[in-house]
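Readers should treat all values here as calculations from the given coordinates under stated rules, not as data from a laboratory. All values reported here derive from a predicted model rather than from experimental measurement. No Cβ is skipped: glycine too gets one built from the backbone with ideal geometry, and neighbour counts run over all protein chains shown.
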2 protein chains.
Amino acid sequence: MNQDLQRERAGASFNPELLTNVLDGSAENTQRRREIENLILKDPDFQHENLNFLSRSQRYEVAVKKSATMVEKMRKFGIADPDEIMWFKKLHLVNFVEPVGLNYSMFIPTLLNQGTTAQQEKWLHSSQGLEIIGTYAQTELGHGTHLRGLETTATYDPETQEFILNSPTVTSIKWWPGGLGKTSNHAIVLAQLITQGKCYGLHAFIVPIRELGTHKPLPGITVGDIGPKFGYDEMDNGYLKMDNYRIPRENMLMKYAQVKPDGTYVKPLNNKLTYGTMVFIRSFLVGESARCLSKACTIAIRYSAVRHQSEIKPGEPEPQILDYQTQQYKLFPLLATAYAFQFVGAYMKETYHRINEDIGHGDLSELPELHALTAGLKAFTSWTTNTAIEACRMACGGHGYSHCSGLPNIYVNFTPTCTFEGENTVMMLQTARFLMKSYDQVHSGKLVCGMVSYLNDLPSQRIQPQQVAVWPTVVDINSPDSLTEAYKLRAARLVEIAAKNLQAEVIHRNSKEVAWNLTSIDLVRASEAHCHYVAVKLFTEKVLEIQEKSIQAVLRRLCLLYSLYGISQNAGDFLQGSIITESQITQVNERIKALLTAIRPDAVALVDAFDFQDVTLGSVLGRYDGNVYENLFEWAKKSPLNKTEVHESYKYLKSLQSKL
Amino acid sequence: MNQDLQRERAGASFNPELLTNVLDGSAENTQRRREIENLILKDPDFQHENLNFLSRSQRYEVAVKKSATMVEKMRKFGIADPDEIMWFKKLHLVNFVEPVGLNYSMFIPTLLNQGTTAQQEKWLHSSQGLEIIGTYAQTELGHGTHLRGLETTATYDPETQEFILNSPTVTSIKWWPGGLGKTSNHAIVLAQLITQGKCYGLHAFIVPIRELGTHKPLPGITVGDIGPKFGYDEMDNGYLKMDNYRIPRENMLMKYAQVKPDGTYVKPLNNKLTYGTMVFIRSFLVGESARCLSKACTIAIRYSAVRHQSEIKPGEPEPQILDYQTQQYKLFPLLATAYAFQFVGAYMKETYHRINEDIGHGDLSELPELHALTAGLKAFTSWTTNTAIEACRMACGGHGYSHCSGLPNIYVNFTPTCTFEGENTVMMLQTARFLMKSYDQVHSGKLVCGMVSYLNDLPSQRIQPQQVAVWPTVVDINSPDSLTEAYKLRAARLVEIAAKNLQAEVIHRNSKEVAWNLTSIDLVRASEAHCHYVAVKLFTEKVLEIQEKSIQAVLRRLCLLYSLYGISQNAGDFLQGSIITESQITQVNERIKALLTAIRPDAVALVDAFDFQDVTLGSVLGRYDGNVYENLFEWAKKSPLNKTEVHESYKYLKSLQSKL
C-alpha cells in the first residue's frame, strides 16, 4: 500500500468500517454489498478494455457487450433486489453508462405501472430477456420541460382499431432517449392522444421501431443517434420521427386511461398516481448526487494525501498538499457536504418507501410535500454536486485534467442530472409553489406540518423584517441544533420575502402569472434556503442517532463544518435577518479554520469509509496501491496515439517544409 | 435569418457595429480583423471535417494538417502582426487546439528571449519553417507549481563539452508539454544545471528528441502521449524521459546565464527579466477569459432568444425563454461580466506594452505591481469564466449537453486556464504577498501607488473594524463611481483583516511560513476582493470614456449590473464592514431585477457586438441563420454511430437472448 495513505490510516481517530456500516445502514448490508462486488471483481468476464482509450463507436460496442453480460450474470448470481442490482451495476459500470439501461430503468417499470395485466403478459417476458429492447421517448427536439407543449400525436382510427403516430414538425422529433439511436427495437412513446376529434393530452404507447430479427428500422420510422455529447459517449441517445405510423389499439398503456374500440375515451380515476415514478426517480437522484460527490472527494483527498508539492517551511521536504489550508478549505467543506447528502439521500429513500406504503393504503396526504421536497432537493443536491465535482477535479492540479484521474468522467456523466428528470430551476420553482401555498395556508389561519412547519410561527409576528430585534437569536456556533435553528430562521425569512414580493407584484401587475415570473429570483432563493435547512436538519439529527462515540465525534465536526461553511458563504442572508451578528461571522470564519485542522487527521479515513471499489478501478489518483506516479506512467503508455504510427502526419509536415 | 433574432435586432437601442468598434479598439481594427477572417471563410482549403465526429487519433491527424495549412496560409497572406495572427488562428481553430502551437507560442519566443544571436541563427529559421518543431518542457510528473522541486538534471561534462540530461526518477519525467507526444522533434527542456559539482538551479536547454527525416525517438529518449484528457483531444500532450542523454554545450540558452567551456558558471545580470514572458502570457489569459466567456454568452443568449418553451400566461404561445426572469438572472450578469473582462483584458494588454517599454529603458519600478496584478487577475477572471461557461451551457437545457451547442468544447478547452501558467490559488497568494507588502509599507509610513493606493488611507484609522461607524459610506447604488468606492472599501477591509490575522499568527506560531499557511484563506479572500475592485474600477472608467450616448447608456447598465450583482453575491462582506446597510441590500436586489428588464431588449445586440464568426462555425445554437432545429437535425445525422453498421452489437445481443 502507498506509504502516505498507510500513515494517514494509522493516524485516524476512528475505525472507518463502523462508519461504512452507518452509511450502508447496517454491518449486514456492508457485508452483502461486498459479496456482490466481489462477484464482479473476481470474474474474468468483467475484465474489459478501458473505455477511455476507445473511439465512440468502439465504446458503444463494448458497452453493449458489458450491458448484456451484466444481465446474464445478475440472473446467474440471483441478484434481483433493487439495492443489490444497484451495487452490482455501479461497480460494473465504473462511471460509464449502458445503452440497454433504459430497458430496465424506464421501459419495464412503465409497463408494470401503466400497463394492464394483458399488456404485461404480452411484453414483459421478452423485454426482461432482451428480445424486446425498450426505451422511453418523451422529450422532443423543441420541447423538454413543458409536457403540454409536446407535439407528437397518436390519432385513433376506429375503422382499423389502430393509433396513427405522427411527428408533424421538425420540433416534434423525439430527441435524447437513451438507447434509441442504435440499440432499441421498441419505445414507449409519449404522445398527444386524439380520438373522436378531441385531444386528451399525453398518453403512453408501446411502439415497435425496428424489425425483430434484422433490427432494421420499420417503414414509417426514422431513427438514429443524435451525435457526440459532453459525456455519455457510449450511450446512443437517439432521435425518432414517425410518419403516419400505425400501431394496434392494444399498444396504448391502458391501466388507467383507456380508449375503447369505438374510440370512446375513458379517463383515469386518479391522476396523482402517475407522480409516483417521477418522485421515485428524483429521490433516487438525491442519492446519486451523494454518491458522485463522495467519489470525487475520495479521489481528490487520497491524491492530496499522496501528492507532495512546494514548501511550507523553507528547506523542509515538500509537504503533502493536504497540509495546505487552502487545499483543506477547498476539499473538507465538500467532504462534509458529501456526508450531508448521504444522509439526505437515505432519508429520501426511507420517506419515499413510507409514503409509497401509505399510498398503497389510499392515503395520499403526504404526497404533495414529498413531491415538492424531492423536486427541490434533487435540484439543490445536484447543483451543489455539479460544482463540487469540478472543484475536486481542479484541486488535483494538472492530473485532474487527465482521464487517468477518473474525475472528468464522473463530472460529464453526472452533470446531466441538473437538467434531466426536471430542469433544476423549474424544480426549485415547483418547491417554491408548495412553499407559497403553505405560507398562504398559515396566513389564513391553518397550521402546516412536515418540513415547512416553521412557517406556523410566522403569523405570531416574530418574523417581520421591521421587527428583527425581537428574534430569539443568540446562535451558538458550536451547537448543530442552534445552527439548524439559524437555517430555519433564514428559510422562514426568505419564504416571507418571496411571498410579500409576490403579493406586491400581483397587485401591481394584475396577473398572477406575470407576478410569478417577476418574483422568480426570490422564489428560487426561498426554495434553496428551505432545502439547505432540510439538509442541515437531517445531518444534525443523524449525528444524534449515532451511538459509537468516536463516529459521533467525527460526524459532529463535519456537521458543524457543513453548517458553518454555509453561513460563511451566505453571510448576507444571516446578517440581513440579524440571525447572526457581525462579530459572530468573524467567529464562524475562525471556527471553520479550527475545524479544518481538526478534520485533517481523519480526512483519508473519512473517504475510505465510503468504500468505493469503483474509484480504485476508475481512477489512478484514487487507488490505494503502489506509487501513484508509476501507475500514471503505466496508464499513459496505453494511449492510442502511442500505438499508431507517427509517420503519416509527419510525412504531411515534411511535404510542407519545402513550401515554408 | 432566424425570425426571432431578426426581431430582437430590430428592437435594440443601439447600433452593435459601434460597440464592436469599441471592443476592437477602433473601426479600422474591426475592418482589418474582418478582412483577415474573410480570408479563412472564403478559402476552400480551410473546409475540414468537423472534429466532433472523429476519434482522437483522427482528430490529431486533422489538427496537424490544419496547423500546417495555417502556417502556410499566414505566410501567403502576409499575416505577421501578433493581433492579426491571433484573429486568424482563433477563427481557424474554432475552439480546438493545435499540436504545433507550442512551436510558435513557446519554443520560438523562448529562443528569441533567452538565446544568443548565434543560437538564434542556428535554430530560428528551421523552426519557423517547421523543419524543427519545438515544444517547451517544464512540468514533471511529480512537480508543477514548485519550480525548485523539478528533478531533471543537466550535468556539464567539460571533457566533451556536453551536458548530460537525466530523468533520475519516475516523478522527474517531463509531463504535459503540448505537441511532445508525437509532433515535436525538439524541446526546450528546463533542468537543474549542475557544473563543477554545484547545482545552479533551473536553466533552459535545446534538446533534440526525434531524428530529423525519420522522426524516430533518438537513443536515450523515451517519449510519448500522456493519454486522453478532459478536452484538448487533438493535442498530443506528451511525456519525456532522458537517460544519460548528451547535448552540446551550445544547446544551453546562454543570453543571460552561461557555462564556459571549462565549466565555469556565469550568472545572469538580472533575474527579473525572465518574469517578462510569464507576465505576458498571464495578461494574455485575462483576454482569453473575456473571449471565451463572451462566446459562451453569445451562444446561450442567442439560443434563449430562439427557444420557446412553457408558458408565462396560460393559453398564450410559448414565450422565448429569454423572457423568464430566472433565465435573465442566469445570463445577464454573465454578459455584464464578459464586458467587464473585455475591458480588463484590454487594460492588461495596454499596461503590459507600456511597462515593457519602460523595462526596455531600464525602468523596472512598475514590474512588481504588474506581476502581482496579472497573477491575481489571471486567477480571478479564469475562475469566474470557468463557472460562467458551465452556467451558460446549463442555461441551454438539454441541447447544452450536445457538442452541437459548441459549449462543451469551449469549456473543456478553457478550463485548463485555471491551472496552467500558474495554478489559480497559488496566483492569488502571489497577489496577496504583494498586498501584504504594500500594507506593511503603508504601515511603516511610506505611500504606495497604483491600484493598491487605497491602502494609503489605512493609517488614518478610517479602516478599523471597531470604528466602522465613522466611514463615509453613503453608497449611491445608482452610481458606478460610488459602487467602485464600495468595492474599494471592501478590498481595504479584507486586506487589513488578512494582515492582522497574519500578524497574530506570526506571534502565535513563531514562524512566518506557518503563519502564512494558516492565514491563506484570508489572503485569498483579500486578493479576490482586490481583483474584483480592479474590474469594477476599470469597467466604470471605460464607460465614462465612451462618447456615443446610446453605447454609453447600454454599457452603463451592464456596469451597474456587474457591480450590484457582485454586491448581492457577496452581501456579507459589504454588510460586515457597514459599507452598505441592510435596507440597501434589499434595494440592490430590486435594482438588479429592474436592470434585467432594461437589458432584455438589447441582449441579442450585445452579444452580436462581440462579432464572433467562430461561434457561427462551431455552434449550431449560436448560428444566425435558418431554423435552429433543422440545423440540429442535419448536424445529428453526421454522427459516426449513424454511419456504421448496427448489426455487430445486435448480433451479440441476439446470441445472448437464448441464455436469458
Report summary line: Spelling it out for A:Val100: with amide H atoms placed in the peptide plane at 1.01 Å from N, the residues 5 or more places away or on another chain with amide H under 5 Å from its amide H are none
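Pick out the long, greasy-scoring helices in chain A: whole DSSP H runs spanning 24 Å or more along their own axis by Cα, mean Kyte-Doolittle at least 0.0.
A:275-306, A:367-394, A:520-545, A:549-569, A:582-599
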Report summary line: Note on region B:318-436: C-alpha Rg/Rh, Kirkwood Rh, two decimals, gives 1.10
Report summary line: Counting only DSSP loop positions in region B:112-146, the GluC sites (Glu not before Pro) whose Cβ has at most 13 other Cβ atoms within 10 Å are none
Requested in this report: Taking a label point 7 Å out from Cα toward Cβ, give me the nm distances from B:Gln657 to the same spot in the other copies, shortest first, one decimal.
Outcome: 5.8
Query - Inter-copy label distances at B:Ala10 (7 Å, Cα→Cβ; nm, one decimal) - result: 7.8
Query raised in the report: Using a label point 7 angstrom from Cα along Cα-to-C-beta, what distances in nm, from shortest up, separate A:Lys260 from the other copies?
Result: 11.1
Query raised in the report: So for B:Thr586, A:Thr214, B:Thr484, fewest C-beta neighbours within 10 Å to most, what's the order?
Result: A:Thr214, B:Thr586, B:Thr484
**Report entry** Ranked list, fewest to most other Cβ atoms within 10 Å of each Cβ, for A:Thr160, A:Thr431
**Finding:** A:Thr160, A:Thr431
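Do any GluC sites (Glu not before Pro) in region B:517-605 lie in a DSSP loop with no more than 16 other beta carbon atoms within 10 Å, and if so, which? Let's see the in-between values first.
Details: sites: B:Glu528, B:Glu541, B:Glu545, B:Glu548, B:Glu582, B:Glu590; in loops: B:Glu548.
Qualifying residues, ordered by number: B:Glu548.
Would you calculate a helix-derived [θ] at 222 nm for the protein assembly as shown, using -39,500 (n - 2.57) for each DSSP H run of n ≥ 4 and dividing by the full residue count, to the nearest 500?
One gets -17500 deg cm²/dmol as the mean residue ellipticity at 222 nm.
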Query - Taking A:Cys297, A:Cys449 and counting other C-beta atoms within 10 Å, the order from fewest to most - result: A:Cys449, A:Cys297
Query raised in the report: Which chain B residue comes nearest the axis with its C-beta when you rotate B onto A, and by how many angstrom?
Result: B:Ser55, 2
